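Chemist: Take a look at this one; I'll ask things after.
Where a number appears in this text, it was derived from the coordinates with a stated rule and is not lab data. Remember, it's a predicted structure, so these values are computed and weren't measured experimentally. Here the Cβ positions follow ideal geometry from the backbone for every residue, glycine too, while neighbour counts run over all protein chains shown.
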Amino acid sequence: MRYREPGGRAGRQREASFEEKAQADAFAEQVEQAKAHRECVSSAGPVRTLVDVYREFIDCGERVNGSRYQYETSLRLHVKPYFRSLPIGAVKPKDLYGWLQWMVEVRGYESSTALNRYRTLSGVFSYAVANDYLPKSPCQHVRVGRRQARRNKRKVIHLPTLAEIQAIADQLPGPYRLLVWLMAGCGLRIGEASAVTVQQIDFAAGTLYVDRQITQDGESPPPRGRGRRAVVRGRGRAHCIRHLKWRDQDEGRLVPMPVGIALKVREHLERYGTFHVEEGWNRLAGEYLFANVGRTNILMYSLVSRLWHRARKADGITRKITTHWLRHFFASAGLAKGVPVTEMAEWLGHRDQRVTFQTYAHVMPDASERLRFVMDAVFSGVILLRLPLQFEAVIESA
């Protein structure tokens, strides 16, 4: 028996052989019913669904745990609720347009967020084509450009006042007040601040080496003993200490530590000591500055969130200040006082300094005004220049 997959003349032609004509007739009827419901079938049974191929895509290859967690979240919240059990071969370009519109109008996402989810799904279809699940990807006929995503990616950056920072620090329990100053004074993310160890701090040089973070994307432990299954409870969401995302194992960043922050670290060590962690599953060894309330495990996000919310409400702060606002405060304060954007990008952990400039350009001194001041001072003799008459420049060619 010969038949076509859904899609009319564009559908791939298939054939199947049976021992009896009755079996072929039954299969032919099944094919027609499946086409009516826009499903794909073969003599071996239904073709794989989009959700199944998406899961296979997540599990294949070496992926950073954070990316794996994001993919699983997108599958659960965006793909499965919309496409349900639709076979991957039955997805058409109009379905993808409808999905993008559904995420914006029904789920309330920004267009940039919906387009980022689409790019991941496009990768799933490319994976399906490479593995012969599909003859071609429906994404070839979907026109969504990066310009639209960038145009809609503008967001408001909120900054706390110094008084609000001090108030929240005062309301936090003693063992966790230092978190505020590491984020506001060194520009650390909450995961990086929670994972600071004594070994990362050089008090003599006044620096802090950032090379690890606490995340919620740890791997499930292996099975304990032969014939016993691994514990997969909360798969992909276990708290772990790992190296910085998208960085090599020996790659980190060296951040200047203000004298006032160094004094607060010494005071914290004298009062609360450290929490020892040995190398193990989802753990990196070190003497950590922070731990849970009972000092039996590493600092968890849920505890930080709960303590932060209580501290903010206890002081009567009405603005919904988040921990990331402190990182914005660090960057804005430095750039506003003339710290070079190249240095600030390095301390913030931005690979591309354009990200730093585009985010914090509003607080940087006006470059054109500074240039006019410098050149007027040079031509009037106020500033004496001692420039070499010639020098060599190293220019990288494309």
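Chemist: When a/c is below 1.5 the answer is rounded, else prolate if a/b is larger than b/c, else oblate, so apply that to the stretch 276-339 with a ≥ b ≥ c taken from the square roots of the Cα gyration tensor eigenvalues.
Modeler: Details: a/c = 3.42, a/b = 1.44, b/c = 2.38.
Oblate.
Chemist: Suppose each label sits 7 Å from its Cα in the direction of the beta carbon; what would the residue 126-residue 105 distance come out to in nanometres?
Modeler: A separation of 2.9 nm, rounded to one decimal place.
Chemist: Continuing with the same structure: Grab the Cα-Cα distance for residue 94 and residue 20, subtract it from 0.36 nm times how many residues apart they are, and report the gain in nm with one decimal.
Modeler: Result for the pair: 22.7 nm of gain on full extension.
Chemist: Grab the Cα-Cα distance for residue 387 and residue 352, subtract it from 0.36 nm times how many residues apart they are, and report the gain in nm with one decimal.
Modeler: 9.6 nm
Chemist: Between the stretch 264-292 and the stretch 91-141, how far is it from one alpha carbon centroid to the other, in angstrom?
Modeler: One Cα centre to the other: 44 Å.
Chemist: Using a Förster distance of 35 angstrom, determine the FRET efficiency expected from the C-beta separation of residue 322 and residue 297, and round it to 0.05.
Modeler: 0.90
Chemist: For a quick check: with amide H placed at 1.01 Å from N, whose amide H comes under 5 Å from residue 212's, ignoring anything fewer than 5 positions away on the same chain?
Modeler: Residues meeting the criterion, in which the H sits 1.01 Å from N, are 244.
Chemist: Could you run the Karplus curve 6.51 cos²θ - 1.76 cosθ + 1.60 with θ = phi - 60° over the stretch 349-366 and give me ³J(HN,Hα) per residue in whole Hz, x for Gly and Pro?
Modeler: x, 8, 5, 10, 5, 5, 4, 5, 5, 5, 6, 10, 4, 5, 9, 7, x, 5
Chemist: Non-local amide H neighbours of residue 49 (under 5 Å, H modeled in plane, Pro and chain starts lacking H): which ones?
Modeler: Residues meeting the amide H criterion: 88.
Chemist: Then there is this: Using only Cα atoms, locate the centre of the stretch 356-383 and the centre of the stretch 330-347, then give the distance between them in Å, rounded to an integer.
Modeler: Cα centres, the stretch 356-383 to the stretch 330-347: 15 Å.
Chemist: With an 8 Å Cα cut-off and a minimum separation of 6 or more residues, compute the relative contact order for the stretch 258-398 in percent. Intermediate results must be reported in sequence, preceding the final value.
Modeler: Details: 73 pairs, mean separation 13.9, N = 141.
Computed value for the stretch 258-398: 10 percent relative contact order.
Chemist: For a quick check: with amide H placed at 1.01 Å from N, whose amide H comes under 5 Å from residue 207's, ignoring anything fewer than 5 positions away on the same chain?
Modeler: Under 5 Å from the amide H of residue 207 lie the amide H atoms of 202, 257, each far enough along the sequence or on another chain.
Chemist: Could you grab the relative contact order for the stretch 328-369? Cα pairs under 8 Å, six or more apart, rounded to a whole percent.
Modeler: 45
Chemist: Oh, and also: Do any of 80/313; 245/320; 136/245; 21/136; 264/320 go past 30 Å between their Cα atoms, and which?
Modeler: Table pairs above 30 Å Cα-Cα are 80/313; 136/245; 21/136.
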